[in-house]
Amino acid sequence: MRDFAIVKSIDGQKIEVVSLISNACVTCNSIECAKKGKSFHVLNKKNLPLEENVIVRIGFPRILRGILGLISLLIPITGAVAGFLFSPQIAARFNLPLTPSVQACITGFFFTVAAILVFLGARTDFHLSHPEVLQVM
């Protein structure tokens, strides 16, 4: 239920909302058990009629979520391919024989580092665009 928020203030195109956070069941539609989180700004691209203290569903457009999902899949795969391609140079740099197990370890290391970078990037509050109001409840 993290995609619900209460409209706090409306100032033209600037819409400030307070997120509703619930530790209850994900399929629960009850708002009574939710706590108020931090406030942030959202966009109203659909020009929905909004008022203060109204509960809205917020989120990112599907195309943006799809692109970010694809990128988060491709970054670790690219890291693994780079690890595989650069494993002869890395093995020579550390005076290791280039065996399949050494090559697999270097590939796995590059994959793990790339996956950790995607994980840490997903946990930041940095977004390329603001979330938008999808529906008025």
Charge-dipole axis of the chain as Lys and Arg at +1 and Asp and Glu at -1 on Cβ define it, positive-most pick from Phe119, Leu50, Pro88:
Pro88
Phi-derived 3J(HN,Hα) across the stretch 55-66 with the Karplus relation (6.51, -1.76, 1.60, θ = phi - 60°), rounded Hz, x for Gly and Pro, is 8, 10, 9, 10, x, 9, x, 4, 5, 5, 5, x
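Within the chain, what is the longest stretch that has no trypsin sites (Lys or Arg not before Pro) placed in a DSSP loop and near at most 15 other beta-carbon atoms within 10 Å?
Numbers: sites that count: Arg2, Lys45, Lys46, Arg123.
Formally, the longest exposed-site-free interval is 47-122.
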Compute the accessible area per residue over the stretch 45-137, keeping the other protein chains in place, probe 1.4 Å, unit Å².
73
Which value at 222 nm does the chain reach when only helices count, each DSSP H run of 4 or more adding -39,500 (n - 2.57), with the total divided by all residues and rounded to the nearest 500 deg cm²/dmol?
-14500 deg cm²/dmol
Where in the chain lies the longest segment free of chymotrypsin sites (Phe, Trp or Tyr not before Pro) that are both loop residues by DSSP (not H, G, I, E, B) and have at most 16 other Cβ atoms within 10 Å?
1-93
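The values are calculated or read from the model by the stated rules, or taken from the named source; none is laboratory data. Because the structure is predicted, anything quoted here is derived from the model rather than measured. Note: ideal-geometry Cβ built from the backbone for every residue, glycine included; neighbour counts use all protein chains shown. What goes into the accessible areas is simple: the full protein's heavy atoms, side chains included, and nothing from ligands, DNA or RNA. Shrake-Rupley method; radii C 1.70, N 1.55, O 1.52, S 1.80 Å.
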